[in-house]
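S.K.: Can you read through this structure? Questions will come right after.
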Amino acid sequence: MDVEELLSALDPDQRQVAENLRGPLVVRAGAGTGKTRAITYRIAHGVLVGAYEPNRVLAVTFTSRAAGEMRSRLRDLGAHGVQAQTFHAAALRQLSYFWAHAVGGPMPQIQESKVGLVAQAAGQLGIGVDRTTIRDLAAEIEWSKVTLTGQENYVEKARATGREGVAGQTLESIGRLIAAYEEAKSARGVIDFEDILLILIGIMAERDDIARQIRHQYRYFVVDEYQDVSPLQQRLLDHWLGERRDLCVVGDVSQTIYSFTGATPSYLRDFRKRFKEASEIELVRDYRSTPQIVDAANRVIAPGRLEGAVKLQAQRPSGPAVAYHDYDDDDAEAKDIAKKILALQEQDVPLSEIAILVRTNSQSQAFETALGDAGIGFVMRGGERYFSRREVREAMVMMRSYARSGVESTMPEAVREIVTQLGWARKAPKNTGAQRERWEALNALVTLADDIAEVREADLAGFVAELEERASMQNAPTVEGVTISTLHAAKGLEWDAVFLAGMSEGLMPISLAETPEAVNEERRLLYVGVTRAREHLFVSYAHARSASGRGNRKRTRFLDGIWPETENISRATRNRRRAKDAALEFELNHPDDLRLLESLKAWRKAQSAEERKPAYLILVDRVLMNIAAAKPTTIHELGKVKGIGTMKLDQYGSAILQIVDAS
C-alpha cells in the first residue's frame with residue numbers, strides 16, 4: 001500500500017503520531033483511544049518510506065501477550081523484521097549473545113521462582129516462614145531490585161517511601177535478608193529475572209565496544225505502557241539510547257496501577273522535562289466504550305486525576321445506562337450476576353465477551369459456584385495455560401504433520417479437518433464440564449484460523465508458526481466462556497460486557513491502602529476496570545458476606561456522586577423494603593407454606609425474649625422462608641438450607657425440626 005492508503009485508516013491525532021517519525025515523542029493516550037494502532041502505524045509508516053530499517057527498530061512493551069499482538073499487527077501492515085519484545089525478552093536475547101564475550105563460560109541458569117532461595121536465606125537468618133510469608137518477602141526483594149535499591153541503602157529508601165516491615169519483619173531484617181538472598185543465589189550459580197537487566201546494564205556500562213554494537217543494532221525505540229516503567233527498566237533504556245533521541249513513549253498516567261511493584265508514572269509525566277525538544281500528542285477519542293461508560297470513567301478518575309492525565313471523549317453511539325446494584329450478601333450478588341449473564345446471552349452477547357472483575361482472587365469462588373450452577377462456562381484469568389492443554393498440543397503436532405505432507409486445501413479447511421479428528425464439531429456440545437472445555441479450546445483454533453485468513457494469506461505451515469510464536473508468548477486465542485479476573489490481571493483487555501463486583505469499602509479501596517497515594521492508586525484501578533467495558537457495565541456490591549451476616553458494608557467512596565443516590569433512604573428503610581418484597585414473593589410462590597412460616601416466626605419471637613436479643617440475631621426472615629420452603633426433616637437437610645451455619649444448627653436445629661414436623 002502507499003502512504004496515503006496506510007494513514008487514511010487513522011484519525012487526525014493518531015495520524016499525527018504516525019507522521020511524527022523522529023523522536024523524542026511522548027504520546028499521552030487514554031484508555032480505548034487506539035494507542036497500539038497509532039504506534040504500529042507509525043512504525044509501519046517509517047518502514048514504508050524508508051525512514052526506518054525494520055531490524056533496527058525495537059518496540060518494547062510489558063507483557064509477552066502485548067508484544068506478540070504488536071508483532072502480529074506489524075506483520076499485517078507489512079513491517080516485517082521489526083522487533084517487538086518485553087524488556088526482559090530483549091535484554092535476555094542481548095545478554096545471551098554477548099555473555100561468552102563479556103563474561104566467559106556458559107550463561108547461568110535463570111531461576112524462575114525466588115521461593116526456594118528466599119526460604120534458604122530466611123532459614124540462614126533464623127526467620128520463620130510459611131508459603132505466604134515467602135511470597136511477600138520475595139516480592140519485597142523484587143521491589144528492591146527494580147527500584148535499584150541495594151541492601152546497603154534498603155532501610156533508608158524503604159523508610160523514605162513509606163514502606164513498612166513485610167511479614168512481621170523489621171526493615172533491618174529485610175535488609176539482611178536481601179544480602180542473604182544474593183549470597184544464596186551466587187552459591188547456586190543462578191540468576192533471577194531482575195539480574196538479566198542488571199547484568200546487561202553493567203556490561204554496557206563497562207564495555208563500550210558491546211554498548212556500541214547494541215546501539216548500532218537498535219536505533220529507533222518505542223516503549224508502550226510507559227507509565228509502568230520501573231527505575232531498573234528506565235536505566236536499561238537509557239543505556240540502549242546512549243546520546244540519541246529517537247525514542248517514542250506511549251502511556252496513560254491514569255492507568256498507573258503497579259506502584260507497589262516499583263513502577264512509577266514519573267518518567268511519563270516528566271518526559272518533556274528531560275527531553276525539552278520532545279513533541280507531545282494526546283489521544284483522547286475513546287473508540288472502545290459508549291458515552292455512558294466513558295462518562296462514568298471520567299467521573300471516577302476526576303478527584304484523583306494526575307498531572308498529564310487526559311479526559312476521554314466518547315466516539316461511539318449511545319448505549320445502555322451503567323447499571324448499579326446492591327445485594328444482601330455475596331451469594332445473592334453472584335447468583336443475580338449469573339442471571340444477568342444468561343440475559344446477555346439471549347441478546348447475542350458471546351460468553352467470551354463477558355467478564356466478571358474483582359479486586360482479590362478470594363472473591364472468585366462465589367462466582368465460580370453461581371456460574372457452574374447456572375450451566376455457564378467460564379475461564380479463570382491466570383488459570384491453566386491454553387497451550388498446555390493436551391488437545392491443543394495434539395492439534396499442533398497434527399498440523400505440523402499435515403503441513404509437511406503437502407495436502408492441498410485452504411488453511412482454515414485444513415485446521416477444521418484436523419480438529420474434527422480430535423473431537424471438534426461445528427455445533428458446541430450442550431453439556432458443560434471437561435467435554436465443553438475441550439470443544440472450546442479446539443474451536444478457538446478454528447476461529448483464529450478464520451481471523452488470520454481474513455487479513456493475510458497464510459498456509460498451514462504459517463498458521464503453525466503463528467501458534468508456536470503465540471505459545472512462546474502465552475498469547476492464547478479467545479476461548480468461549482465468561483472471564484473471571486482480578487482488576488490487575490484485566491489490564492490491557494476489553495469485553496462487550498463487564499461486571500465490576502464487590503465494589504465496597506475494604507475491597508475498593510482495599511483495606512491495606514492506608515496512605516493517600518495508595519488510595520489514589522486504588523481509584524486508578526477502578527478506572528481501569530470501568531474502561532474495560534465496551535457496551536454494558538454493571539457495578540455492584542453486597543451489604544454482607546453471608547445471608548446470616550451483619551449488613552455493615554458500604555459501597556466504595558469512589559462512586560460518591562456517581563452511584564444513583566438512594567442514599568437519602570436509611571439502611572433500615574431499605575432493609576424493610578427488601579423484607580417486604582421478599583415476603584410478597586414468598587406469599588406468591590409458597591402459599592401452602594405460610595402457616596409453617598408463621599410458626600417459625602412465633603418460635604423465633606419466644607426465643608428472642610428468652611435470650612434477650614433482637615429477633616434478627618436468632619434468624620433473619622429470609623432464612624425462615626428458606627426453611628419453610630425446604631421443609632427439612634433431618635439435621636443434614638437443615639444444614640443445606642441457605643443461611644444456616646454450623647453454630648445456628650447446633651443451637652436451634654432440634655427446635656426447628658420439631659416445628660417443621662408438627663406442621
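S.K.: Which of the aspartates and glutamates could a cross-linker bridge to LYS427, judged by Cα under 14 Å and excluding same-chain residues fewer than eight apart?
M.R.: The reachable aspartates and glutamates, counting only those whose Cα sits under 14 Å from LYS427, are GLU437, GLU440, GLU480.
S.K.: For segment 21-73 and segment 279-294, what is the separation of their C-alpha centers, rounded to whole Å?
M.R.: 18
S.K.: Same structure again: If you put +1 on each Lys and Arg Cβ and -1 on each Asp and Glu Cβ, how big is the dipole of segment 208-347 around its Cα centre, in Debye rounded to 20?
M.R.: Details: 20 positive and 24 negative charges, 170 e Å.
The calculation lands at about 820 debye.
S.K.: A further question on this structure: Mind checking the per residue accessible area of the chain for me, 1.4 Å probe, whole number of Å²?
M.R.: Numbers: 31340 Å² over 663 residues.
Roughly 47 Å² per residue, with all protein chains present.
S.K.: What whole-number volume per residue, in cubic angstrom, does the convex hull of the C-alpha atoms of segment 192-351 give?
M.R.: Working: hull volume 31.2 nm³, N = 160.
Hull volume normalised by residue count: 195 Å³.
S.K.: Let me ask something else about it. Any chance you could check the Cα centroid distance between segment 591-663 and segment 141-195 for me, in angstrom?
M.R.: Between the Cα centres of segment 591-663 and segment 141-195 lies a distance of 56 Å.
S.K.: Same structure, new question: Mind pulling the angle between the C-alpha long axis of helix 231-241 and the longest principal axis of the chain? Nearest 10 degrees, somewhere in 0 to 90.
M.R.: 30
S.K.: Arrange the peptides 103-112, 241-250, 593-602 so that the one whose residues have, on average, the most other Cβ atoms within 10 Å appears first. Before the final figure, lay out each step's value.
M.R.: Working: 103-112: 11.7, 241-250: 18.1, 593-602: 16.2.
The peptides rank, most packed first, as 241-250, 593-602, 103-112.
S.K.: Continuing with this model, one more query. Based on DSSP, what percent of beta bridges with both residues in the chain are antiparallel, to the nearest 5? Kindly include the intermediate steps, with their values, before the conclusion.
M.R.: Values: 2 of 49 bridges.
Given both bridge residues lie in the chain, the antiparallel proportion sits at roughly 5 percent.
S.K.: Follow-up question, since we're still on this one. Going toward the positive end of the dipole of the chain, with +1 on Lys and Arg Cβ and -1 on Asp and Glu Cβ, which of ALA606, MET399, GLN255 do you reach last?
M.R.: Value: ALA606.
S.K.: I've got another one for you. Largest first and to the nearest Å, give the Cα extent of segment 295-348 along each principal axis.
M.R.: Extents along the principal axes, in whole Å: 41, 29, 13.
S.K.: Which FRET efficiency value, to the nearest 0.05, is calculated for ASN552 and ALA428 with the Förster distance at 51 angstrom and r the Cβ-Cβ distance? Before the final figure, lay out each step's value.
M.R.: Working: r = 44 Å, r/R0 = 0.85.
Computed FRET efficiency for ASN552 and ALA428: 0.70.
S.K.: Below 15 angstrom from the Cβ of ASN153, what's the summed charge of the other residues (Lys, Arg +1; Asp, Glu -1)?
M.R.: Details: positive: LYS145, LYS157, ARG159, ARG163, ARG176; negative: GLU140, GLU152, GLU156, GLU172, GLU182.
Value of the local net charge: 0.
S.K.: Working out 0.36 nm times the residue gap between ARG456 and LYS605, then minus their Cα-Cα distance, what length gain in nm do you get to one decimal? Please list the in-between numbers first.
M.R.: Details: separation 149, 0.36 × 149 = 53.64 nm, distance 7.36 nm.
Result for the pair: 46.3 nm of gain on full extension.
S.K.: Under a straight-distance cross-link criterion of Cα-Cα below 22 Å, which lysines are reachable from LYS340, leaving out those fewer than 8 residues away in the same chain?
M.R.: Straight-distance partners of LYS340: LYS430, LYS642.
S.K.: Among ILE644, LEU268, ALA323, whose Cα sits farthest toward the positive end of the charge dipole of the chain (+1 at Cβ of Lys/Arg, -1 at Cβ of Asp/Glu, about the Cα centre)?
M.R.: Farthest towards the positive pole: ILE644.
S.K.: Helix 193-206 versus the longest principal axis of the chain: what is the Cα-based angle in degrees, 0 to 90, to the nearest 10?
M.R.: Roughly 20 degrees, rounded to the nearest 10.
S.K.: For LYS185, which lysines qualify as cross-link partners when the Cα separation must be under 19 Å and same-chain residues fewer than eight apart are set aside?
M.R.: Straight-line reach from LYS185, under 19 Å: LYS114, LYS145.
S.K.: Read phi for every residue in segment 509-519 and hand back ³J(HN,Hα) as whole Hz from Karplus 6.51 cos²θ - 1.76 cosθ + 1.60, θ = phi - 60°, with x for Gly and Pro.
M.R.: x, 4, 4, 6, 7, 9, 9, x, 5, 5, 5
S.K.: Counting only residues 5 or more places away or on other chains, whose amide H sits under 5 Å from the amide H of HIS543 once H atoms are built in the peptide plane?
M.R.: Amide H neighbours of HIS543, under 5 Å, 5+ apart: TYR327, ASP328, ASP329.
S.K.: Any chance you could give the angle, 0 to 90 degrees and rounded to 10, that helix 330-346 forms with the longest Cα principal axis of the chain?
M.R.: With both axes taken from Cα atoms, the answer is about 70 degrees.
S.K.: For the chain, what does the helix formula give at 222 nm: sum of -39500 (n - 2.57) over DSSP H segments with n ≥ 4, over the residue count, nearest 500 deg cm²/dmol? Please report the intermediate quantities before stating the final value.
M.R.: Details: 27 runs with 335 residues, N = 663.
One gets -16000 deg cm²/dmol as the mean residue ellipticity at 222 nm.
S.K.: Counting just the Cα atoms, what span does segment 38-150 cover along each of its three principal axes? Round to the nearest Å and put the largest first.
M.R.: 63, 34, 22 Å, listed from the longest principal axis down.
S.K.: Moving on. Can you tell which of ALA184, HIS590, VAL27 lies farthest toward the positive end of the dipole of the chain, using +1 and -1 charges on the Cβ of basic and acidic side chains (Lys, Arg; Asp, Glu)?
M.R.: HIS590
S.K.: With only Lys, Arg, Asp and Glu charged, each at its Cβ (+1 for the first two, -1 for the last two), find how big the charge dipole of segment 68-120 is about the Cα centre; round to the nearest 20 debye. The partial results should precede the final answer.
M.R.: Details: 5 positive and 3 negative charges, 14 e Å.
Taking the Cα centre of segment 68-120 as origin, the dipole is about 60 debye.
S.K.: How big is the charge dipole of the chain about its Cα centre, in debye rounded to the nearest 20, if each Lys and Arg gets +1 on its Cβ and each Asp and Glu gets -1 on its Cβ? Write out the running numbers ahead of the final one.
M.R.: On the way: 87 positive and 92 negative charges, 204 e Å.
In total the dipole reaches around 980 debye.
S.K.: While we're here: Consider the candidate values (1) 79, 64, 55; (2) 87, 61, 49; (3) 92, 66, 47; state which one is Cα extents along the principal axes in Å computed from the structure displayed.
M.R.: (3)
S.K.: For ALA31, enumerate residues with amide H under 5 Å from its amide H, sequence gap 5+ or separate chain, H modeled in the peptide plane.
M.R.: Placed amide hydrogens put nothing under 5 Å from ALA31.
The values are calculated or read from the model by the stated rules, or taken from the named source; none is laboratory data. Note that the structure is predicted; figures quoted are calculated from it, not measured. FYI the Cβ positions are ideal-geometry reconstructions off the backbone, even for glycines, and counts take in every protein chain you see. What goes into the accessible areas is simple: the full protein's heavy atoms, side chains included, and nothing from ligands, DNA or RNA. Shrake-Rupley method; radii C 1.70, N 1.55, O 1.52, S 1.80 Å.
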